[in-house]
Amino acid sequence: MSARFPAGSLVVVLGSGTMGRGIARIAAGAGHRVILNDVSAAALESAQAEMSRFLARDVEKGRLDSGEAAAIGDRIEYSPDVSGMGDAVLVIEAIIEDLDAKIALLRRVEEIIDADAVIATNTSSLSVTAIAAGLDRPQQVAGMHFFNPAPVMPLVEIVAGADSTSDVLDSLTALARAWGKTAVRAASTPGFIVNRVARPFYGEALRAVEENVATPAEIDGIVMGAGGFRMGPFALMDLVGLDVNLAVSKSVYSQTFHDPRFAPNQIQQQLVDAGRLGRKTGRGFYNYTADDPVVAPRVVPADGEVDSVIVHGSGGELAGLVDRLTAGGVKVTVGYGPAAGIAFGTTILWPSDGRPASRFDPLIPDLVVVAMDEVLDWPTASAVAIAGTDDSALGAAAAVLAAAGLEARRVGDSPGLVLLRIMAQLASVAADTVLRGIATAEDIDTAMRLGTNYPIGPLGWAERFGTARVVEVLDHMADFYGETRYRPSPLLRRVADTGAKIGESR
């Protein structure tokens, strides 16, 4: 346990909603006395009943014995009054995302607690610096951002306000770890780590739908089938709530002075306006209340059987596919072409560099280009997106992929296709987060794996994919769109030029 917050000391949690209840359960489970505070008596009654259910379930599943569960329950007091929290060592605020409401409540609390008590805010999108600036002791304030459900999710972001002392930040970090969490550190900036870096996961997917590259279901299938993500962006927005996701996007966009990389999308706004908020309302991008017919993805049928292919170029980015082809009994011959790709007949399956297939000249006479999307893990992939302007060439490319045990999913011929554009933007925003001193590369990748269940951190992916290739993809996309939205992070460009590691070059 942290020396500043010993076992048995009082932790106050303000707000008895989902996050407040979860945090109170964690603190009580770690041996703290807890006051769970809320102005609503009904909310407190609901919180107490739910806490009893959770503890009973933990006993039933063998995670706690009955004595431990009873002790945890006894350590939590449910109170609508702030006056009894004078001996608190830590106050964690988890009320609505409203700056004025947070400051008003914390000013009342600040008058009651000791001068050396720490105030932590669980805000997910508001400025910790702005919250602290409204109080008399801003040096005692920091962010302690849990993820939902708090008892289950392993990540906590410890967020430094402009005046937060190193002792406060170190103490909260130690406390989070003592509570069994993985703590990462971030500066107070829009979205901190996870909600900032994750914006392109949704934004690029929405833009692909907007441009008729693919449907939400098709994009989700590609992101899971080729990327190994547990959920695609549209299913995840439905789960979180479209209104919640949109509010975070708007907050980050506003606070970054309208950086186009974080721009919200009209498709999402229209669904929110229609009351289609996802699972909680029964409809969002998907319909959860009716047995709608499942629209099958555009699977490209294989045209012929493949017994041999020619690999042109360096082939490094194609090594995983070549391994699967070889395992499938396909003969692989090394070719002479300068552009990386796998040729079969008159077709070349070309890993996208951010240009549409229609803009790519393979420099090999008489070969028709089919662009192939990124695959994060070739051994486990089940599907990959392809695009091109020639149906027969698409069929030939599908035959190559089928020989490797992969399903070819057709999407519109677009810059960066689907998964590649998402990953490149994630890597660029993550690199900028390092460049600006918001968080370390290690903490960013840890946060994205644990806070959002990404199969790989975006910076780890960029190192593996090749930072020079990431920069090339983004440069080609910026050239195609003529927008600063796709500008590569200067840090990525610097790393690509010098060969340094992302975490070592700032």
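No value in this document is a laboratory result; all are computed from the given coordinates. This one's a predicted model, so the numbers in the text were calculated from it and none came from an experiment. For neighbour counting, all protein chains shown are included, and Cβ atoms are generated from backbone atoms with ideal geometry for every residue, glycine included.
Here are the numbers:
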quantity: For Trp378, Trp461, order by how many other beta-carbon atoms lie within 10 Å, fewest first; calculated: Trp378, Trp461
quantity: Share antiparallel - DSSP beta bridges, the chain, percent rounded to 5; calculated: 30
quantity: Estimated [θ] at 222 nm from DSSP helical runs (n ≥ 4, -39500 (n - 2.57)) normalised by residues in the chain, nearest 500; calculated: -13000 deg cm²/dmol
quantity: Beta bridges per DSSP with both ends in region 308-410, % antiparallel, nearest 5; calculated: 40
quantity: Dmax and Rg, reported as Rg then Dmax, of the chain (C-alpha, Å); calculated: 25.5, 81
quantity: In Hz, Karplus ³J(HN,Hα) per residue of region 42-53 (6.51, -1.76, 1.60; θ = phi - 60°; x = Gly, Pro); calculated: 5, 5, 5, 4, 5, 4, 5, 5, 5, 4, 4, 5
quantity: Neighbour-count order for Lys181, Lys250, Lys331, Lys102, fewest beta carbons within 10 angstrom listed first; calculated: Lys331, Lys250, Lys181, Lys102
quantity: Sparse-neighbour loop sites [GluC sites (Glu not before Pro); region 169-258; at most 12 other C-beta within 10 Å; DSSP]; calculated: Glu211
quantity: Relative exposure of Trp350, Trp179, judged by other C-beta atoms within 10 Å (fewest first); calculated: Trp179, Trp350
